[in-house]
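Encoded as structure tokens, the structure appears first; notes follow it.
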Amino acid sequence: MTIQEYIDRVNKNYKTGLSTEHSYRGDLLNLLETIAPDVHITNEPIRIACGAPDYIITKKNIPIGYIEAKDIGKPLDNPDYKEQFDRYKKSLPNLIITDYLVFQLYREGVFVSSISIAHIHDGKIISKPENHESFKNLITDFCKYAGQTITSASKLSKMMAGKARLLANVIENALTHNVETENHVYEAANITLSEQLAAFKDVLIHDISPKGFADIYSQTIAYGAKVGRLDHIWPVRLQLTYIT
């Protein structure tokens, strides 16, 4: 699929007035597969710790990038998206945010570049062919991401702090979800955490909250990984999952 063919298909759906964010998913997948045939792109992959990005890009089964797509016509800087986008930027090292027409690339939470391949005019989507080659280069670069190299203690500490915060959120959600919902599919795992929290209360801090326990638990794991010389695994995306 060429970029112009992609835009034509998106425009056809958009003009009906009946399309949603999901209406364009397959078209974008086809376009990305044409531009980057050496990677595997999965639409609607399983939930990961920070949420559920719309696409995951893998190479040899290793995640190398994520894409979050929003509906056409709603600006990407809309306040409704801020919490989710901030969470993804903090957690996903190689991220594209898009409304199917504008593509914004972030690396380690830092904005890199933005390419617009089309715009809306008089109820139609109009191509911007002058940007198509730059878009191909952006996608190619995005799909060649190889992760970051740790070059200083400061960089490592910041990375591990971010992972600890992410893990703390996962643990707290697992604990509180177990309290709220019976017969959950992850009930056994959550009960194990609940038992550890109860033991912690009995022995150490009697009035500790699930949030406080999650903070201590995650920091202990992060510190243990460093001491155990496992810090080389932290750039790999945390794959802890739970169902909400």
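Where a number appears in this text, it was derived from the coordinates with a stated rule and is not lab data. Because the structure is a prediction, the values reported are computed rather than measured. Cβ atoms come from the backbone with ideal geometry, glycine included; neighbour counts cover every protein chain shown.
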Could you order the peptides 92-100, 8-16 from most to least packed, using the average number of other C-beta atoms within 10 Å per residue?
92-100, 8-16
Over its Cα atoms, what ratio of radius of gyration to 2.2 N^0.38 Å does the stretch 3-142 give?
1.00
Report the gain in length on full extension from Lys128 to Phe111: 0.36 nm times residue separation, minus Cα-Cα distance, nm rounded to one decimal.
3.9 nm
Using alpha carbons only, how many angstrom separate the centre of the stretch 1-24 from the centre of the stretch 67-107?
19 Å
Take Tyr6, Tyr217, Tyr223 and order them by how many other Cβ atoms sit within 10 Å, fewest up front.
Tyr223, Tyr217, Tyr6
Please compute the contact order of the stretch 3-142 in relative form: average sequence separation of alpha-carbon pairs under 8 Å and at least six residues apart, divided by the residue count, as a percent.
19 percent
For the stretch 35-51, Karplus couplings with θ = phi - 60° (6.51, -1.76, 1.60), whole Hz, Gly/Pro x
6, 10, x, 8, 10, 10, 10, 10, 8, 6, x, 5, 5, 10, 4, 8, x
Shape of the stretch 65-104 from its Cα gyration tensor (a ≥ b ≥ c, root eigenvalues): rounded if a/c is under 1.5, otherwise prolate when a/b > b/c, or oblate?
oblate
